[in-house]
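Novice: Got a structure for you, questions after.
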Amino acid sequence: LTNIVETAGDKLFLSKFVALLTNTELEESLKFDGAFTAFVPVDEGFLNISYDDRERLHPWTFNAPSLVHYHVVKGRHSYSKFRKNQEIPTLYYGAKDVRINKYAYGVVTVNCARIIMPDQPASNGIIHVIDRMIKPLDSIGDLAEILLKQDRFSKFSQLLYKANLVKMLQGDRHFTIFAPNDAAFDRLPKIIKEKILTERKVAEAIARYHIVKGVHCGASTIMTWGLNTLHSGSLTFRCKYNGNYVNEAKLLTEDIMAGNGVVHVIDKVLLPDS
């Protein structure tokens with residue numbers, strides 16, 4: 001067996017990750033120390049990232065932590081030992097955690113990135129290959145912050161205020177939110193839209209119908225799920241040929257990670273039967 005750096009480069013051909021390690025203290029650690037578990041993105045996993053994240057992947061000095069450190073944890077953590085909602089401290093600033101989730105059919109995610117090649121052995125640890133780059137869960141903020149800060153959720157935010165749910169979404173409990181964008185609200189018949197945004201009881205029922213306990217990543221839709229909402233009734237989360245759906249609403253953007261959960265943007269407002 002070779003060390004983590006050589007295994008990633010020579011055996012798994014994960015050249016982007018290896019290039020980011022060049023001439024860093026982390027490269028030395030992953031060659032000569034251990035044991036470590038590295039969550040290494042495929043090369044394509046670095047393509048659709050923001051300019052800021054691209055900058056943060058490069059340490060500004062030899063020994064400064066970069067986002068690459070966030071992909072490495074101490075110890076050997078094998079695939080079969082991962083648990084639902086497990087948090088493991090990384091080598092990044094403040095030992096920030098990654099969040100592991102385990103779903104049916106052996107699907108495991110790290111901050112919602114799916115592990116696509118588990119348990120690749122190295123002399124000083126284990127590599128799990130993931131489908132995209134990951135970043136700290138709190139880099140955008142909590143669920144309330146994500147929704148209130150973005151213009152596309154102004155109507156949904158209004159609904160959350162009316163329903164008195166903002167405080168709950170700033171807390172420590174984990175939730176998955178299916179958040180309709182403003183265009184989804186604008187497509188509702190005027191009378192329904194007004195009722196939803198002005199009557200507290202209706203607002204609360206509708207808002208709670210978009211919130212589910214726990215973290216449900218897009219990758220978990222390998223099968224059709226029933227998800228119980230905070231309102232009575234459940235949602236059907238499933239994968240179709242052209243994307244992921246919850247009931248009849250399409251997920252436009254998935255896996256916006258928060259410190260206390262995940263947001264999926266949807267194109268329709270979900271209306272409970274009652």
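Novice: Being surrounded by fewer than 19 Cβ atoms within 10 Å (Cβ to Cβ) and assigned to a strand (DSSP E or B) is the filter here; which residues of the range 78-99 pass it?
Specialist: Correct list: 86, 87, 88, 89.
Novice: I've got another one for you. Could you figure out which of (1) exposed (fewer than 14 other Cβ atoms within 10 Å of the Cβ); (2) at pLDDT 95 or above; (3) part of a helix (DSSP H, G or I) isn't true of residue 164?
Specialist: It fails just one condition, (3).
Novice: Another one. If the requirement is being under 28 Å from residue 54 (Cβ atoms), among the polar types (S, T, N, Q) and not assigned by TED's automatic domain parsing to the domain that holds residue 87, which of these qualifies: 164, 181?
Specialist: One residue alone meets the criteria, 181.
Novice: May I ask you to verify whether residue 102 is in the same structural domain as residue 237 (by TED's automatic domain parsing), basic (Lys, Arg) and surrounded by fewer than 21 Cβ atoms within 10 Å (Cβ to Cβ)?
Specialist: Values: in the same structural domain as residue 237 (by TED's automatic domain parsing): no; basic (Lys, Arg): yes; surrounded by fewer than 21 Cβ atoms within 10 Å (Cβ to Cβ): yes.
So residue 102 fails the test.
Novice: Would you be able to say whether some residue in the range 115-124 is surrounded by 19 or more Cβ atoms within 10 Å (Cβ to Cβ), closer than 18 Å to residue 215 by Cα and under 20 Å from the mean Cα position of the chain (by Cα)?
Specialist: yes
Novice: In addition: Which of the residues that make up the range 205-228 are without any contact (Cβ under 8 Å) to a residue 60 or more places away in the chain, of a type in the set (Ser, Thr, Tyr) and buried (at least 18 other Cβ atoms within 10 Å of the Cβ)?
Specialist: Across the range 205-228, the qualifying residue is only 221.
The values are calculated or read from the model by the stated rules, or taken from the named source; none is laboratory data. Here the structure is a predicted model, which is why all the values come from computation and not from measurement. Heads up, the Cβs are rebuilt from the backbone with ideal geometry, glycines too, and the neighbour counts pull from every protein chain shown.
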